[in-house]
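Enquirer: One structure is given below, represented as structure tokens, and several questions about it will come after.
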Amino acid sequence: MSSRMPPPPLPTPAPDEACAAPRPASSTCPQWDSRTLLGQAEQAEIHHGDQVYRLRLTALGKLILTK
């Protein structure tokens, strides 16, 4: 039996219409560093409604998001 604690919840950003459209580099769209999402793990689950996505860090340091 594992005694791992779940990661703390991430802040929920307010919807921002600027995120849906092409935007300049100085956008107010919410941003997170990948280390905030992954911590020391190589993958993290992202819950979106009733769907679960997996964010995975590859051996080459790339990120892959799968459903």
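The values are calculated or read from the model by the stated rules, or taken from the named source; none is laboratory data. Note that the structure is predicted; figures quoted are calculated from it, not measured. Here the Cβ positions follow ideal geometry from the backbone for every residue, glycine too, while neighbour counts run over all protein chains shown. Ligands, DNA and RNA are stripped out before the accessible areas are found, and what is left, the full protein with its side chains, is counted by its heavy atoms. Shrake-Rupley method; radii C 1.70, N 1.55, O 1.52, S 1.80 Å.
Enquirer: Which residues, taken from segment 38-57, are aliphatic (A, V, I, L, M) and open to solvent by 60 Å² or more (accessible area, probe 1.4 Å)?
Expert: Once the filter is applied, which keeps residues that are aliphatic (A, V, I, L, M) and open to solvent by 60 Å² or more (accessible area, probe 1.4 Å), segment 38-57 yields I46, V52, L57.
Enquirer: While we're here: Restricting to segment 13-35, what's the tally of residues that are modelled with pLDDT of 60 or more and open to solvent by 80 Å² or more (accessible area, probe 1.4 Å)?
Expert: 9
Enquirer: Now, a different point. Going by the structure shown, is L60 open to solvent by 80 Å² or more (accessible area, probe 1.4 Å), modelled with pLDDT of 95 or more and in a loop (DSSP other than H, G, I, E, B)? Outline the logic, then answer.
Expert: Working: open to solvent by 80 Å² or more (accessible area, probe 1.4 Å): yes; modelled with pLDDT of 95 or more: yes; in a loop (DSSP other than H, G, I, E, B): yes.
Spelling it out, L60 is indeed open to solvent by 80 Å² or more (accessible area, probe 1.4 Å), modelled with pLDDT of 95 or more and in a loop (DSSP other than H, G, I, E, B).
Enquirer: So how many residues does segment 36-55 have that are hydroxyl-bearing (S, T, Y) and in contact with a helix residue (DSSP H, G or I) (Cβ under 6 Å, 6 or more places away or on another chain)?
Expert: Qualifying residue count for the region: 0.
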